[in-house]
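Encoded as structure tokens, the structure appears first; notes follow it.
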Amino acid sequence: MNIIELVLDEMQEMMGIQAISIVENPAIEEDFVALKTQKVEFATQNEEKRILMGAALIPNKPIYRRSGEEEFYVYFSKDTIRKASELFFQNGNQNKSTLEHEAELQKLSVVESWIVEDTEKDKSSLYGMEMPVGTWMISMKVNNPDIWENYVKTGKVKGFSIEGYFVDKVNFNKQEMEVLEEQEAELILSQIKAVIKKDGRRKSGKRTELESYTDYPDAVKNNAKRGIEMNAEVNNKCATDVGKIRAQQLAQGKPISVETIKRMYSYLSRAEEYYDEGDTKACGTISYLLWGGLAGKRWAESKLKEIGQL
């Protein structure tokens, strides 16, 4: 069964956690995240003050999901959990809560939030809750008498469940890489138009030459070749035409212009976070190699400094 990492899509206006739901069995719904099979229950931190405490998200914990006939697991990394917890407050969602992800509730507020950094010294351990490092813990103030008396005290609700928007990291990385490559395509087109326009204005009829280089190391060529081979194994589904053309150019040792080297360095610097050496089928990995990989980034940086362009 597949295991998929969920991440924040920072390109979207609606992202992260929109509300906290109090539920009997935390669940993951289709369009938002809610932890269904979590067995973590919240503790009645202070009955007189009506404060509940519990885990909102636990890092690297497989969570069962089903979409139609497809079954799989999803999980959140420590980094994603921390970012999501911060974004929850930045967006002012601490007063948004629901009952079983259906009824909106009033007078419930998240009044405390922290990330577990030490399992033994963390506040949660005082209440017998053994949470791993990286867990997002919250305390919720319940000023709604009906909810407290008829749901909390009766045990009808037992834990917290988040509602929010996340994306599949694999597809997200592919989309991000495609955006970066489209930017490269637009720049290349603008450069070609500029050269044509400049040539058209030259009365001498001489061709404008662009300075180019072929002294990139074999490691760059080999990375491009490897990227081409890996892409072929996944039916060439990764990278745009620009990335594929760039790979052929590098693999064959053809000359590349100064502007191309600049874009190569910029692209590889930004796309490096999507490269995973251990995942040979990931589009982030394949696309990075098509552009020359880490060797390409290092050579481009060195060349630009050599010619005074960086």
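The values are calculated or read from the model by the stated rules, or taken from the named source; none is laboratory data. As the structure is a prediction and not an experimental result, all values here were calculated from the model. So basically every Cβ, Gly included, is an ideal-geometry build from the backbone, and we count neighbours across all protein chains shown.
Of note:
- Candidate set: region 261-284, residues that are crowded, with 17+ Cβ neighbours inside 10 Å and touching a residue at least 60 places away in the same chain (Cβ under 8 Å); chosen: the one farthest from Asn231 (Cα to Cα): Arg263
- Here is the figure for region 60-99: residues that are more than 25 Å from Met140 (Cα to Cα) and touching a Lys or Arg at 6+ places or on another chain (Cβ under 9 Å) total 6.
- Within region 219-310, helices (runs of 4 or more DSSP H) holding 2 or more residues that are basic (Lys, Arg), outside the structural domain of Val7 (by TED's automatic domain parsing) and more than 24 Å from Glu5 (Cα to Cα): 241-251, 258-271, 293-306
- Among the residues making up region 237-256, those that are surrounded by fewer than 16 Cβ atoms within 10 Å (Cβ to Cβ), in contact with a helix residue (DSSP H, G or I) (Cβ under 8 Å, 6 or more places away or on another chain) and at pLDDT below 85 are Lys237, Asp241.
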